[in-house]
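Here the structure comes first, spelled out in C-alpha cells, and everything after it is commentary.
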Amino acid sequence: MNGPKKCKHSGCSCMAQGKDDYCSQWCKDARKVTELTCQCRHPECQAAPLKA
C-alpha cells in the first residue's frame, strides 16, 4: 500500500505520499515533539484549527 496516508506527526493534518510516513522533513524531524499546530507550512495545516 503506497497510496496517501495521514502524516505520522501528531500535530499535522497533511497526507504523506509513497513509502514516506511524514509529509515533510519538518514533520520527520519534529516527530517526537508535541505541537498544537504543525509548522510544515502546507496549506492543509495552515488552515487547520488548533487540536485539543
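Values computed for the structure shown
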{"read-out": "Residue tally, condition at pLDDT below 90 and buried (at least 16 other Cβ atoms within 10 Å of the Cβ), over region 27-38", "value": "2"}
{"read-out": "Subset tally (residues that are farther than 17 Å from residue 15 by Cβ and modelled with pLDDT of 70 or more) for region 40-52", "value": "0"}
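The values are calculated or read from the model by the stated rules, or taken from the named source; none is laboratory data. Predicted model, so just to flag it, every value in this text is computed and none were measured. Note that we place each Cβ from the backbone using ideal geometry, even for glycine, and neighbour counts take in every protein chain shown.
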